[in-house]
Amino acid sequence: SRRSFINFILRSKSTVFSKKERSRIADDIKQAVNFEVEKMNTEIVKLSKSIDNLHVLIRQVMKHQDAMEQYSRRNSILIHGLAMHDNEHDESDTMVVVLKFLRDVIGVILSENDVDRCHRLIKRGVPITGTPVIIVKFVRFYSRSLVFSNVSNLKGTKYYVSDCLTKGRYNHLKFLQERGIAWSRNGDVFAIGENGKPILMDITASASLAKAMSKEEKAEFKKQRRLNRSSKYKS
């Protein structure tokens with residue numbers, strides 16, 4: 001075969017060939033190399049397509065997982081700025097504080113039967129600093145909607161109520177709120193796009209995030225993303 005012939009030539013260093021033979025051997029070697037290169041390029045293209053397909057699949061799985069997790073939080077809210085009471089020791093005490101807050105400050109009258117769980121977001125073994133946020137999970141979505149329909153009563157106070165978002169949605173919202181162009185509603189994150197209209201953000205796609213940024217911010221975002229990736233590889 002051609003490959004065997006080339007291997008024979010490479011081993012026979014002392015063999016003397018004519019100019020025509022050397023030219024033919026050079027062409028054979030060139031064709032063999034080109035064949036191998038083309039073969040490898042074909043494999044690279046196949047692998048690249050497979051990787052792209054995996055990336056698409058991963059994004060779909062991440063999006064589905066995030067949607068399911070956010071759906072599990074659909075009846076929950078976060079209450080910020082509500083100070084801890086001296087007699088607040090467990091969930092039942094926090095329940096009393098929350099129901100009083102909803103009644104006296106927001107203007108919504110609910111009972112313990114309307115609340116599934118209610119507690120402070122405190123890490124065990126970590127000293128409490130500031131005012132821990134309260135997470136409230138209602139039995140029905142209606143109760144949650146009732147609270148949000150009256151949050152305007154908090155205007156001018158130190159309190160505010162927010163959605164209970166997944167980590168990905170919260171990070172997107174925080175990133176965009178630093179620019180004053182984002183908010184959440186019923187678990188969805190929105191931002192003001194370049195055309196001045198609201199955009200429903202896709203937390204699994206950086207392209208969605210980029211729509212809500214200026215050219216300078218896009219460049220900085222891409223720079224930070226490259227630095228984050230390189231730091232991961234180094235670690």
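The values are calculated or read from the model by the stated rules, or taken from the named source; none is laboratory data. Just so it is clear, the model here is predicted, and its values are computed rather than measured. All Cβ positions, even for glycine, are placed from backbone atoms using ideal geometry, and neighbour counts span all protein chains on display. Heavy atoms of the whole protein, side chains included, go into the accessibility calculation; ligands, DNA and RNA do not. Shrake-Rupley method; radii C 1.70, N 1.55, O 1.52, S 1.80 Å.
One table, with the values for the structure above:
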read-out	value
Entirely in region 110-195, the strands (runs of 3 or more DSSP E) that have 1 or more residues that are within 19 Å of D66 (Cβ to Cβ), open to solvent by 70 Å² or more (accessible area, probe 1.4 Å) and modelled with pLDDT of 85 or more	134-138, 182-185
Conditions (1) modelled with pLDDT of 95 or more; (2) of a type in the set (A, V, I, L, M, F, W, C); (3) part of a helix (DSSP H, G or I); number of the one not met by L47	(1)
Qualifying residue in region 65-79 (condition: over 15 Å from F138 (Cα atoms) and among the small types (G, A, S))	yes
Those residues of region 47-84 which are touching a helix residue (DSSP H, G or I) at 6+ places or on another chain (Cβ under 7 Å) and either open to solvent by 90 Å² or more (accessible area, probe 1.4 Å) or closer than 17 Å to R169 by Cβ (or both), in sequence order	D66, Q70, R74, N75, I77
Odd one out for V98, checked against (1) touching a helix residue (DSSP H, G or I) at 6+ places or on another chain (Cβ under 8 Å); (2) open to solvent by less than 70 Å² (accessible area, probe 1.4 Å)	(1)
Search result, residues across region 80-97 that are within 14 Å of V133 (Cβ to Cβ) and in a helix (DSSP H, G or I)	T94, V97
Counted residues, region 106-150 - those being among the hydrophobic types (A, V, I, L, M, F, W, C) and out of contact with any helix residue (DSSP H, G or I) (no Cβ under 8 Å at 6 or more places or on another chain)	9
Residue check for T42: over 30 Å from D202 (Cα atoms), modelled with pLDDT of 80 or more and hydroxyl-bearing (S, T, Y)	yes
E36 being acidic (D, E), at pLDDT below 90 and part of a loop (DSSP other than H, G, I, E, B)	no
